[in-house]
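See below for the structure under consideration.
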Amino acid sequence: MAPLRGLRPAPGRAAEIAAPPYDVLSSDEARLRAAGKPWSFLHISKPEIDLPADTDPYSPAVYAMAASNLAKMFSAGVLLRDDAPCYYIYRLTMGTHCQTGLVVGASVADYNSNRIRKHEFTRPDKEDDRVRQIEALNAQTGPVLLAYPSSITADELIANAAKGTPESDVTAEDGIRHEIWVVRDTASIDALTRTFDAMDALYIADGHHRSAAASRVAAARRQEGFTLASDYFLAVIFPHHQMKILDYNRVVKDLNGLEKSALVARCQTAFTVEKSPTRVTPARVGEFGMYLGGESHGVWYRLTIKADFIPNDPVARLDVSLLSDHLLGPLLGITDLRRDKRIDFVGGIRGLAELEKRVDSGEMAAAFALFPTSMQQLMSVADSNQIMPPKSTWFEPKLADGLVSHVLD
């Protein structure tokens with residue numbers, strides 16, 4: 001990894017600039033969020049908001065608008081670039097949860113060699129979008145979320161650098177606090193570099209398309225004779241034990257021709273089934289909540305996978321896999337989570353009330369609450385060079401766009 005000459009908000013401007021990640025808002029939501037905020041980073045990460053509403057978000061005009069908006073912010077002095085390469089400490093606080101990590105240039109070579117390990121497939125169209133965005137801006141503006149295995153040395157170095165008043169301190173509309181400290185001291189930079197370069201592996205938590213796009217851009221630029229900055233991609237690395245994964249729940253439109261009583265009965269092959277008078281929040285691995293619609297209100301069931309149905313494979317034993325392999329697939333006929341229009345996914349940040357709402361409205365016939373995937377499970381899958389099922393992890397809190405960007409020169 002390497003330090004960066006970060007492109008950052010000018011003093012006092014971070015609150016005007018910081019924005020949610022590009023992929024958590026629709027174009028309409030971004031347009032509303034950025035209204036009356038000329039320096040919101042959404043004008044760069046979702047630049048279609050500055051074009052007619054019917055504009056294709058993947059048209060050349062959109063990427064050109066992003067580049068124009070970035071240049072405007074830089075020329076106006078709203079964004080400034082550090083004179084020398086630095087590391088940056090990034091602290092996220094959501095309620096009582098706090099995590100502190102390091103903003104770095106992650107090595108494309110390490111990504112290509114699988115030292116930076118993956119756990120998801122990418123889609124070519126989404127990769128293409130990120131490649132066009134990087135090329136248009138000559139910068140990476142959306143950080144990849146990485147995790148490092150527990151390291152007392154790394155934790156101490158980061159903690160020691162996160163002292164005093166942060167250079168950026170923003171509490172976003174969702175109540176999440178984002179703090180940035182700049183590490184300029186050469187000795188500290190060298191110590192951080194040595195410590196992280198000595199680690200056997202780092203793990204992508206979120207940002208597979210951004211990292212894959214960065215690798216493609218680097219390969220193209222190496223063919224053209226460019227090196228250095230494009231050989232690194234913008235990332236924030238947190239200790240794995242500080243990261244928070246929420247449940248990623250499922251809602252299903254119909255019961256595949258089954259009556260509710262028949263579905264409950266057939267679930268008993270692989271699960272123990274208990275009717276619950278209250279909402280079911282799974283408390284452990286292998287436990288699920290199932291909510292079925294009723295005439296007046298729905299009914300919750302607690303499902304617990306039977307021990308004989310838990311395999312040793314790190315992917316097959318994930319709760320998302322157990323639910324798919326023993327209920328969604330064989331009972332409800334949903335075998336392709338990526339393409340089947342009968343299933344949708346609800347991040348745990350919305351709570352179980354959202355599951356009840358989707359079913360009680362008649363939009364969905366059933367909902368399934370899952371226990372969150374753990375970071376240790378994610379790392380085990382990545383270490384085995386396997387891929388998790390779609391929608392396995394929902395990370396909170398999320399990084400903001402605009403607090404540090406990586407210019408590729």
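The values are calculated or read from the model by the stated rules, or taken from the named source; none is laboratory data. Just so it is clear, the structure is predicted and the values come from calculations on it, not from any experiment. When we count neighbours, we look across all protein chains shown, and the Cβ atoms used for this are built from the backbone with ideal geometry, even at glycine.
The rows are residues; the columns are (1) assigned by TED's automatic domain parsing to the domain that holds VAL183; (2) in contact with a strand residue (DSSP E or B) (Cβ under 8 Å, 6 or more places away or on another chain); (3) under 23 Å from GLY207 (Cα atoms).
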site	(1), (2), (3)
PRO20	yes, yes, yes
SER26	yes, no, yes
GLU29	yes, no, yes
PRO38	yes, no, no
LEU42	yes, yes, yes
PRO47	yes, no, yes
THR55	yes, no, no
ARG81	yes, yes, no
Q: For segment 361-375, enumerate the residues that are more than 21 Å from the chain's Cα centre (by Cα) and surrounded by 17 or more Cβ atoms within 10 Å (Cβ to Cβ).
A: MET364, ALA365, ALA366, ALA367, PHE368
Q | Candidate set from segment 318-353 (those that are surrounded by 16 or more Cβ atoms within 10 Å (Cβ to Cβ) and free of Cβ contacts under 8 Å to residues at least 60 places away in the same chain); member that is farthest from ARG123 (Cα to Cα) | A | GLY351
Q: Among the numbered conditions (1) out of contact with any helix residue (DSSP H, G or I) (no Cβ under 7 Å at 6 or more places or on another chain); (2) touching a residue at least 12 places away in the same chain (Cβ under 8 Å); (3) surrounded by fewer than 18 Cβ atoms within 10 Å (Cβ to Cβ), tell me where THR96 comes up short.
A: (2)
Q. Looking at this structure, is ARG284 of a type in the set (Lys, Arg), more than 21 Å from ALA365 (Cα to Cα) and within 27 Å of the chain's Cα centre (by Cα)?
A. yes
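Here is a yes/no grid of residues against (1) on the phi < 0 side of the Ramachandran plot; (2) at pLDDT 95 or above; (3) touching a Lys or Arg at 6+ places or on another chain (Cβ under 9 Å):
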| site | (1), (2), (3) |
| --- | --- |
| ASP169 | yes, yes, yes |
| GLU179 | yes, yes, yes |
| VAL183 | yes, yes, no |
| SER188 | yes, yes, no |
| THR195 | yes, yes, no |
| ASP200 | yes, yes, yes |
| SER211 | yes, yes, yes |
| ALA219 | yes, no, no |
Q: Using the structure shown, decide if GLN133 is in a strand (DSSP E or B), modelled with pLDDT of 95 or more and not basic (Lys, Arg).
A: no
Q: Identify all residues within segment 123-140 that are under 26 Å from ALA201 (Cβ atoms) and crowded, with 17+ Cβ neighbours inside 10 Å; write none if there are none.
A: GLU127, ARG130, VAL131, ILE134, GLN140
Q) Is it the case that ALA53 is free of Cβ contacts under 8 Å to residues at least 40 places away in the same chain, under 18 Å from MET73 (Cα atoms) and more than 21 Å from the chain's Cα centre (by Cα)? A) no
**Q.** Residue in segment 147-181 that is farthest from ARG115 (Cα to Cα), counting only those that are touching a Ser or Thr at 6+ places or on another chain (Cβ under 9 Å) and assigned to a strand (DSSP E or B)
**A.** THR171
Q) ARG302 versus (1) touching a Ser or Thr at 6+ places or on another chain (Cβ under 6 Å); (2) assigned to a loop (DSSP other than H, G, I, E, B); (3) within 18 Å of ALA265 (Cβ to Cβ): which is the lone unmet condition? A) (2)
Q: Scan segment 377-409 for residues that are crowded, with 19+ Cβ neighbours inside 10 Å and part of a helix (DSSP H, G or I) and report the count.
A: 5
Q: Scan (1) modelled with pLDDT under 95; (2) in contact with a Gly (Cβ under 8 Å, 6 or more places away or on another chain) for the single condition LEU322 breaks and write down its number.
A: (1)
